[in-house]
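Written out below as structure tokens is the structure these notes cover.
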Amino acid sequence: MMRKLVYLIAVVLCLVLSGCSWNIGGEPMKTADDNDVLSNLDVTKFEVTSEDLHAGIWDTAITNTAYGKDVSPALSWDPVDGADCYIIYMVDPTAKNWMHWKSNGVTDTDLEQGWASDDEYVGPYPPSGTHDYVVYVIALKESVSSIGGSFDSANADFAAIAKELNSDTGNILAYGVISGTYTHGDR
């Protein structure tokens, strides 16, 4: 009995000291990469960059706070061969996939800060604490007349909304994702 207890303590210490953790309920702990809800699509993934993201933190300028300008972040990516257009979503998975950005029919691949209109973008405004803000850029073979999701509102299943773009014909060619955080009260 004592030997089992010592072994159990050693395992727990090993996990703690190595930075690992486990959830008693059996679910794996979430990491930043877990925010990519489209990772199970069988399509190419491309890199999206932003000069408004530094060390994983979004600049205050993009926020809808007393310190921000409420402007969409600058985004850049390489054109995807065969893409007719791109869809852009920004969601906050910390707040039930609150949709902060919803643009359809995007053809540019270098977007300046403030590119999106007010009816397509509202900056992060976390009520408290630190929230994750994930931007998806989805390359489509053929444009669509409308895209799903409730703007400036919670969306129960964002992955299902984005996957609707794929249709039966495999309309999603590729996608890119960029993620950062913003903390309530940051300047």
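Can you confirm whether region 72-81 contains a residue that is at positive phi and surrounded by fewer than 19 Cβ atoms within 10 Å (Cβ to Cβ)?
For region 72-81, residues at positive phi and surrounded by fewer than 19 Cβ atoms within 10 Å (Cβ to Cβ): absent.
Please indicate, with yes or no, whether at least one residue in region 79-89 is modelled with pLDDT of 95 or more, more than 17 Å from VAL122 (Cβ to Cβ), touching a Lys or Arg at 6+ places or on another chain (Cβ under 9 Å) and among the acidic types (Asp, Glu).
Scanning region 79-89, I find at least one residue that is modelled with pLDDT of 95 or more, more than 17 Å from VAL122 (Cβ to Cβ), touching a Lys or Arg at 6+ places or on another chain (Cβ under 9 Å) and among the acidic types (Asp, Glu), so the answer is yes.
In region 74-86, what count of residues is obtained for those that are under 25 Å from ALA160 (Cβ atoms) and either of a type in the set (Ser, Thr, Tyr) or part of a strand (DSSP E or B) (or both)?
Total satisfying the criteria: 3.
For region 50-70, how many residues are loosely packed, with under 14 Cβ neighbours inside 10 Å and either without any contact (Cβ under 8 Å) to a residue 24 or more places away in the chain or under 13 Å from the mean Cα position of the chain (by Cα) (or both)?
Total satisfying the criteria: 4.
If I ask for residues that are β-branched (Val, Ile, Thr) and not in a loop (DSSP other than H, G, I, E, B), which ones from region 110-161 would you list?
Listed by number, the residues that qualify are THR130, VAL134, VAL135, VAL137, ILE138, ILE161.
Within region 87-108, take every residue that is in contact with a strand residue (DSSP E or B) (Cβ under 7 Å, 6 or more places away or on another chain) and part of a loop (DSSP other than H, G, I, E, B) and give me the one that is surrounded by the most Cβ atoms within 10 Å (Cβ to Cβ).
Looking at residues that are in contact with a strand residue (DSSP E or B) (Cβ under 7 Å, 6 or more places away or on another chain) and part of a loop (DSSP other than H, G, I, E, B), I get ASN97.
The values are calculated or read from the model by the stated rules, or taken from the named source; none is laboratory data. All values derive from a computational prediction rather than experimental measurement. When we count neighbours, we look across all protein chains shown, and the Cβ atoms used for this are built from the backbone with ideal geometry, even at glycine.
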